[in-house]
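Student: Sharing a structure with you now.
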Amino acid sequence: MKKWRAVLLDTLLMTAGFGTLTFMSVARPDIIKHFGIPESAYELQHIAYVFGLFVAFLIGHTRLYEGSFKRSVGIAVSWAAIPQMLIPFVGNWDVVVFLRFIQGFVVGLVPLFSTQIARYFIAERPFAKGIILSGIFWGGVFGSISARYLLGYVSWSMGFIITGIIIYVVYVIWYLFTEDFEIRHPKAGEATVNIWKLPFTWVLGFTFFPALWVIFTIIGFSSSLGYKIGWTKEHVATLSTTLNVSKALWSIGFGYLGYQLSRKNTDPRGLFNAIVKVMVMAYAIAFVGLTIYSKAMLDGNYTLALASVILVGALQGTGPAFWTSAPATYPQEVVPRANFALGLISNSANAIAPAITDILARHSETLALAELTLMPLVGIITLIVVSRMKLPVEE
């Protein structure tokens, strides 16, 4: 019971940490008016935030997140909470953009929680991780709804302060009921394996790269293309909400599937084979969804587009499996560092995907949609390659 309580508390903290960050998009008109900036300048904060998601894993590979697990999680949530409360007091838009970059570091929660559940579970790891990761998308859904409600009673600046405080309130609750442990990185000469010198690390990291490429691109791309087609704000918001709910449910569903497959064979190779199967199935469903989505967007068919994103959300089904791959395949002493290394490689998509897709869309919307649609196939090919490689724990 203690183990699953930790999973639920982690999910709650993920929901709070990522949910409050949606306030920036909900308060968009008020913020643009307050800072007196054009629409194009406003988008810089989102680009900075997404790039921060990538840099977070580079920082996490250092000794910053070493020692107390509870303290490390406190640092991770502070990246979101402190800038959230500072933004209302900043008079310069460039500083706001920088603070949004810092807020991206909150994604450090993902590998930290992966290290935690690796201590509690074996076969159940994908299911536990699927529930925890769903918090990101529940945060997007409920954060958006609550932010709209809150803006009806307080100013946007007070809303930022309140949501920053909410993150810390949830963290205190999490802290009181969560078991602490020590995160230890091997010192020079102690590690039995150098994860960066292993081809396996690079190939495994890139198995999640195509999923993140689409996940961090499609909502913004859908919004811009939807408005161009002539859809209303409500249409675009509903499409985004449906995709977020879909990703949350697929995350839990594929996590449970991973658990059922993993329990049949809990040695490293058996666990890894289950991981590969889950990710391949998720990519296959997402490929069908993206094919339908592309046709819907080119035809301007809103009903078909809304139905397609339910399948596209299956991309997130790759997440629970991927984030349990390190404890299944690496020696135990390097698992925390491996989690951040794999996150750094896979999240490099965040730094380039939106910009490249935007460039392609300016040339041809069909070309941009084709690029997104082919990404799941790239993921499947990479998974086939990595499945034939020797695991670090087998070395």
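Each value in this text was obtained by applying a stated rule to the coordinates, not by laboratory testing. Values in this document were obtained by computation on a predicted structure and should not be read as measured data. Please note: Cβ atoms are built from the backbone with ideal geometry, for glycine as well, and neighbour counts cover all protein chains shown.
Student: If one computes the Cα centroid of the stretch 281-357 and of the stretch 130-177, what distance in Å separates the two points?
Tutor: 24 Å
Student: Cross-link partners among lysines for Lys33, C-alpha distance below 26 Å, same-chain residues fewer than 8 apart left out?
Tutor: Lys228, Lys233
Student: What's the Cα-based Rg to Rh of the stretch 240-335, Rh via Kirkwood?
Tutor: 1.11
Student: Could you estimate the translational diffusion coefficient of the stretch 1-180 from the Stokes-Einstein equation, with Rh from the Kirkwood formula over C-alpha pairs, at 37 °C and 0.692 mPa s, in whole µm²/s?
Tutor: Approximately 197 µm²/s, per Stokes-Einstein.
Student: Something else about it: Roughly how compact is the stretch 192-395, stated as its Cα Rg over 2.2 N^0.38 Å to two decimals?
Tutor: On the way: Rg = 17.7 Å, N = 204, 2.2 N^0.38 = 16.6 Å.
Against the empirical 2.2 N^0.38 Å value, I get 1.07 for the stretch 192-395.
Student: Still on this structure, please answer the following. Sort the following peptides by mean Cβ neighbour count (other Cβ atoms within 10 Å, averaged over residues), highest first: 381-390, 74-83.
Tutor: Peptide ranking by packing, descending: 74-83, 381-390.
Student: May I pose another question? Cβ neighbours within 10 Å, averaged per peptide: list 308-315, 319-326 in order, most packed at the top.
Tutor: Top of the packing list down: 319-326, 308-315.
Student: Dividing the alpha-carbon radius of gyration of the stretch 86-157 by 2.2 N^0.38 Å (N being the number of residues), what value is obtained?
Tutor: 1.52
Student: Checking the cross-link filter: which lysines have an alpha carbon closer than 28 Å to that of Lys3, excluding same-chain neighbours under 8 positions apart?
Tutor: Correct list for Lys3: Lys70, Lys129, Lys247, Lys264, Lys277.
Student: Let me ask something additional. Would you calculate the separation in nanometres between label points at Arg184 and Phe89, each defined as 7 Å from the Cα along the Cα-to-beta-carbon direction?
Tutor: My value for the distance between the label points is 4.0 nm.
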